[in-house]
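These notes are about the structure you will find just below.
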Amino acid sequence: MSRLTWLPSRARRASLLATVAVLLIGSALTSSSALAKQPPKPTVVLVHGAFADASGWSDVIDRLERQGYPVIAPANPLRGVTADTAYMRAFLATISGPIVLVGHSYGGMVITDAATGNPNVKALVYVAAFAPDEGDTVSSLGQLGTDGMLGPETLDLRPYPAPEGAPPLEGYIKLDAFRDIFAADLPRKQARTMALSQRPAALSTLSEPSGPPAWKTLPSWFLVPMRDRAIGTDVLLAMAKRVHPRKIVQVNGASHVVMISRPEVTTDLIVTAARSVR
């Protein structure tokens, strides 16, 4: 018998091809329908704090983008709680759809106020960050513990120009204290570069009171580095317990810049918050 007799007839081959095409098209339509039903992922907004800039989020940004999250890290002006909140509130108003708002350090003061009244903000993530109640200041929150090392003896003060009156002052962490206070778990060379390029914060950030806190109406998550010598680990834990977040993650051995030294842990917590958004 010729091997050709084992081949299907032309009609049979056509029928088989048609069946395969229908199955493939059906599978594609099913997949497209499933994708269409999935809600868009929330935009993650990363807000840096004092003595730093948005580049500190670089590794976290890379990880979030690889998981398909829209992400943006705006510049925090660091000119005072009222001014910085107004700036961030205006920035958030340009983003459509749900937002997961993340703050590091002093950035926690800003997100706590800026999120209030914005219906698009669905979750807050505090990364070694202040979480003030109404009326709290950076200075008053610092009294919740003793681990923080920031103070007059560790800051250099410089004037900066202002529209009216005597030039106000802004603070930098002293170069010889920067690594111990801010980035003790980073390589010395990296910490030195950060110290030399730090962005100062106006001294007014210390005394301006916070407004109604968004964490009272929004779910929150907390990341606490256990070797924080800037705000202080004990201060962070005190604030976290007061806020009653959905989850507190404590990172052993991590410094204040935990998003740089432990970007994977930081990203995981942000993604956990993002997945809660409906």
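Points to keep in mind about this one:
- The stretch 63-192, relative contact order [Cα under 8 Å, separation at least 6], %: 14
- Shape parameters for the stretch 196-278, alpha-carbon atoms, Rg then Dmax in Å: 14.3, 42
- The chain - charge dipole about Cα centre, Lys and Arg +1 at Cβ, Asp and Glu -1, debye rounded to 20: 1980
- Note on E264 and E65: the extension gain reaches 70.3 nm, defined as 0.36 nm multiplied by sequence separation minus the Cα-Cα distance.
- ³J(HN,Hα) computed for each position of the stretch 71-84 - Karplus, 6.51 cos²θ - 1.76 cosθ + 1.60, integer Hz, glycine/proline x: 8, 8, 10, x, 7, 8, x, 6, 10, x, 4, 5, 5, 5
- The stretch 67-183: Cα Rg divided by the 2.2 N^0.38 Å rule of thumb: 1.20
- Check: the stretch 74-221 dipole with +1 on Lys, Arg Cβ and -1 on Asp, Glu Cβ, in debye: 540
- With a Förster radius of 35 Å applied to the beta-carbon distance between F91 and S207, the computed FRET efficiency rounds to 0.90.
- Take 255-262, 209-216, 154-161 and order them by the average number of nearby Cβ atoms within 10 Å per residue, most first; the result is 255-262, 209-216, 154-161.
- Amide H to amide H distances under 5 Å link A230 with M149, H256, where only residues 5 or more positions off or on other chains count and H is placed in the peptide plane.
- Over the stretch 36-112, the ratio between the Cα radius of gyration and 2.2 N^0.38 Å evaluates to 1.12.
- Over the stretch 128-190: Kirkwood hydrodynamic radius from C-alpha pairwise inverse distances, Å: 14.2
- Working note: Cα gyration tensor of the stretch 158-251, eigenvalues times five, square-rooted, sorted largest first, giving semi-axes of 28, 23, 10 Å.
- Relative to the current alpha-carbon distance between T82 and T272, full extension at 0.36 nm per residue lengthens the span by 65.4 nm.
- Between the amide H of V249 and those of F222, L223, V224, distances stay under 5 Å, these residues lying 5 or more places away or on another chain, with hydrogens modeled in the peptide plane.
- Kirkwood radius and radius of gyration were both taken over the C-alpha atoms of the chain, and their ratio Rg/Rh is 1.22.
- Whichever lysines have a C-alpha closer than 19 Å to that of K122, once near sequence neighbours (fewer than 8 apart) are set aside: K41, K216, K247
Every number here is computed from the coordinates shown, using simple stated rules; none is lab data. Because the structure is predicted, anything quoted here is derived from the model rather than measured. Using ideal geometry, Cβ is built from the backbone for each residue, glycine included, and neighbour counts are taken over all protein chains shown.
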